[in-house]
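Notes to accompany the following structure.
Every number here is computed from the coordinates shown, using simple stated rules; none is lab data. Predicted model, so just to flag it, every value in this text is computed and none were measured. So basically every Cβ, Gly included, is an ideal-geometry build from the backbone, and we count neighbours across all protein chains shown.
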Amino acid sequence: MTDRSPPADAEPEAGADVEAESDIDPAPEPTADRTTVRSGRNFEEHYRLDASEAGDFLIELGEQLRGSDEVRLVTDEWELPFAFGEPIELEIDFEGVGEPELEIELELPGRTDDSAPTVE
C-alpha cells in the first residue's frame, strides 16, 4: 500500500529522508504529462511503503546506480533525472532504545562537468 504525503509545496517535515536540489519546470515535456524536477530549488516527497514495494524500489535504484551515472525517479505527476558523482555516502543508523528503528540513508552528490585545468 502506498501512502503519499503532502505535496512538494507543503512545509517539509523535520528529519526528512529524501531530498534533492531541484526546480520544478511548470511546462511538462510534450510527450509526458508530468513535471520535470530541475536544479535550483528543494523538492521532497515522503512515501510509506510495504516491504515488498520498498525492496522493488531499492532493486531498481541499485540497477540504475550500477549501470549508469544518472538516476531517474518517475511518478505519474513528476520525474527527477539526476546525474550523480562519487563518492556516494551510505549511512546506517540503528536506534535500539524504546521502539527499535533502522535508518538507511544514501546520499548521491551531484555530478560536475568541470574538467581539470591544463598543465603546461
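Laid out as a table, the results:
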quantity	calculated
Karplus-derived 3J(HN,Hα), 6.51/-1.76/1.60, for each residue of the stretch 33-40, Hz, glycine and proline x	9, 9, 8, 9, 7, 10, 4, x
Amide H contacts under 5 Å for Arg38, placed H, 5+ residues apart	Asp23, Ile24, Asp25
Length gained when the stretch Leu65-Arg34 is fully extended (0.36 nm per residue, less Cα-Cα span)	8.8 nm
Whole-Hz ³J(HN,Hα) from phi, Karplus 6.51 cos²θ - 1.76 cosθ + 1.60, for the stretch 47-57, glycine and proline x	10, 10, 10, 7, 4, 5, 5, 4, x, 4, 4
Total formal charge among the other residues, if their Cβ is under 14 angstrom from that of Leu65, Lys/Arg +1 and Asp/Glu -1	-4
